[in-house]
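Student: My structure is below; once you've seen it, I'll send some questions.
The values are calculated or read from the model by the stated rules, or taken from the named source; none is laboratory data. Please read all numbers here as calculations on a predicted model, not as lab measurements. Here the Cβ positions follow ideal geometry from the backbone for every residue, glycine too, while neighbour counts run over all protein chains shown.
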Amino acid sequence: MKRIFIIGISALAIIGCDREKAEIDRQTHEEKQALDSEKRDLDRATAQEKKQVDVNAKIEKAQIEARQQSEKAQLEADKKKADAEAQAEKKTVDIKRRANP
């Protein structure tokens, strides 16, 4: 009878241990799933940030190029203005020379 009692208690202990182990495995699995989910969320957020940085870089590059083109156009206009002023001064010299031979 003692043996049956000891075997019964041992069986209950084993079953209890198996249940505890199963619960530990379940909790570990859930924790791993939660961590995997966080990792995926982090990957998505990082990818989105990288895309935004790329977009911002393209916008900034376009603004720099537009400013460059604007400044080049202004410089070209200033060159033409200088040429026109030089031509006007030359004509003034020619007119003065003709008026005072």
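One line per residue, one yes/no per condition, for (1) in contact with a strand residue (DSSP E or B) (Cβ under 9 Å, 6 or more places away or on another chain); (2) of a type in the set (D, E, K, R); (3) surrounded by 10 or more Cβ atoms within 10 Å (Cβ to Cβ):
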{"site": "E60", "(1), (2), (3)": "no, yes, yes"}
{"site": "A77", "(1), (2), (3)": "no, no, yes"}
{"site": "D83", "(1), (2), (3)": "no, yes, yes"}
{"site": "K90", "(1), (2), (3)": "no, yes, yes"}
{"site": "K96", "(1), (2), (3)": "no, yes, no"}
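This table checks each residue for (1) of a type in the set (G, A, S); (2) modelled with pLDDT of 95 or more; (3) assigned to a helix (DSSP H, G or I).
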{"position": "F5", "(1), (2), (3)": "no, no, yes"}
{"position": "A11", "(1), (2), (3)": "yes, no, yes"}
{"position": "S37", "(1), (2), (3)": "yes, yes, yes"}
{"position": "R67", "(1), (2), (3)": "no, yes, yes"}
{"position": "S70", "(1), (2), (3)": "yes, yes, yes"}
{"position": "A73", "(1), (2), (3)": "yes, yes, yes"}
{"position": "A77", "(1), (2), (3)": "yes, yes, yes"}
{"position": "D94", "(1), (2), (3)": "no, no, yes"}
